[in-house]
Amino acid sequence: MIVTIASFKGGVGKTTTALHLATYLQTKAPTLLVDGDLNRSALDWAARGSLPFKVVDEKQGVRFARDYEHIVIDTPARPDPDELKTVAQGCDLLILPSSPDAMALTAMVQMVEALHSLKSNYRILLTLIPPAPSKVGIESRRTIEKAQLPIFKAEIRRLAVFQKAALTGVPVSAVKDAYAKAAWGCYAAVGKEILP
């Protein structure tokens, strides 16, 4: 299975999503994470610690792909129309992460509109959901569902433990923190929707 993570906006948890879905898929079969982001965030994350799967850049991805059952691709932010077409048609599932703020949602809608003419299997993932009493996550979900856009049932909470994981170079499931289990549970739930 090839899963690609893409967004028209940075800062919505694209790399965090790619890395944790690769962690989940690795529990099912050998998984490769291809870091196509210009910032090389996934490669930096991997260099700081230890990940349970291999991380390579897009040039190495072609060489290693045949050795893996699952491939997760972290893309550059704001792909141009040709890149988006390649990304959308070159995967089994395209995941569009979006935080619940107006600017991120607007960028996500623009991406959905750009995907309309392409035959692609995509799903929206709400990320960085603030804790109660904020209702922004619920309101964003309602808006997306009302527009009849495909969306994951699971969503990703805004938790500081994700930053700890990035700093230590491990998945959030390997961090010693009271919130690590809840944080990992968010991505495990997304993973189960993709591959039970």
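Given the peptides 147-155, 106-114, 68-76, 89-97, arrange them by the average over their residues of other C-beta atoms within 10 Å, most packed first.
My ranking of the peptides, most packed first, is 68-76, 89-97, 106-114, 147-155.
Would you calculate, for the chain, the mean residue ellipticity at 222 nm contributed by helices, counting each DSSP H stretch of 4 or more residues as -39,500 (n - 2.57) and dividing by all residues, to the nearest 500?
-13000 deg cm²/dmol
Residue by residue through the range 88-105, which ³J(HN,Hα) values in whole Hz follow from phi under the Karplus form 6.51 cos²θ - 1.76 cosθ + 1.60 (θ = phi - 60°), with glycine and proline marked x?
5, 8, x, 9, 7, 8, 9, 9, 10, x, 8, 6, x, 8, 4, 5, 5, 5
Name the shape class, rounded, prolate or oblate, that the alpha-carbon gyration tensor gives for the range 1-114, where a ≥ b ≥ c are the square roots of its eigenvalues, rounded holds for a/c under 1.5, and otherwise prolate holds if a/b is larger than b/c and oblate otherwise.
prolate
Hey, what's the Cα Rg ratio for the range 55-142 versus the globular rule of thumb, 2.2 N^0.38 Å?
Relative to the 2.2 N^0.38 Å estimate, the range 55-142 comes out at 1.27.
Using alpha-carbon pairs under 8 Å, 6+ residues apart, how would you state the relative contact order of the chain in percent?
Relative CO of the chain lands at 26 percent.
At 10 °C and 1.306 mPa s, grab the translational diffusion coefficient of the chain from Stokes-Einstein with a Kirkwood Rh over Cα pairs, rounded to a whole number in µm² per second.
It diffuses with D of about 95 µm²/s by this estimate.
Could you rank SER41, SER99 by how accessible they are, 1.4 Å probe, largest area first?
SER41, SER99
Along the range 75-82, what does the Karplus equation 6.51 cos²θ - 1.76 cosθ + 1.60 (θ = phi - 60°) give for ³J(HN,Hα), rounded to whole Hz, x for Gly and Pro?
9, x, 5, 6, x, 6, x, 5
Please tell me which of these pairs span more than 27 angstrom C-alpha to C-alpha: LYS135/LYS181; LYS14/LYS181; LYS119/LYS146; LYS28/LYS176; LYS85/LYS164?
As for pairs spanning more than 27 Å Cα to Cα, those are LYS85/LYS164.
Compare the Cα positions of ASN121, GLY185, LEU94 along the charge dipole of the range 63-196 (+1 at Cβ of Lys, Arg; -1 at Cβ of Asp, Glu; about the Cα centre) and return the one farthest towards the positive end.
GLY185
If I take all pairs of Cα atoms in the range 125-171, what percentage of them are more than 16 Å from each other?
47
For the range 14-132, which whole percent of the accessible surface, found with a 1.4 angstrom probe, sits on carbon and sulfur atoms?
Roughly 52 percent of what the probe reaches on the range 14-132 is carbon or sulfur.
Through the Karplus equation 6.51 cos²θ - 1.76 cosθ + 1.60, θ set to phi - 60°, convert the phi angles of the range 16-24 into ³J(HN,Hα) values in whole Hz; use x for Gly and Pro.
4, 5, 4, 5, 7, 6, 5, 4, 5
The values are calculated or read from the model by the stated rules, or taken from the named source; none is laboratory data. Predicted model, so just to flag it, every value in this text is computed and none were measured. As a convention, Cβ positions derive from the backbone with ideal geometry for all residues, glycine included, and neighbour counts pool all protein chains shown. Each accessible area value is taken on the protein alone, full model and side chains, heavy atoms only, with ligands, DNA and RNA left out. Shrake-Rupley method; radii C 1.70, N 1.55, O 1.52, S 1.80 Å.
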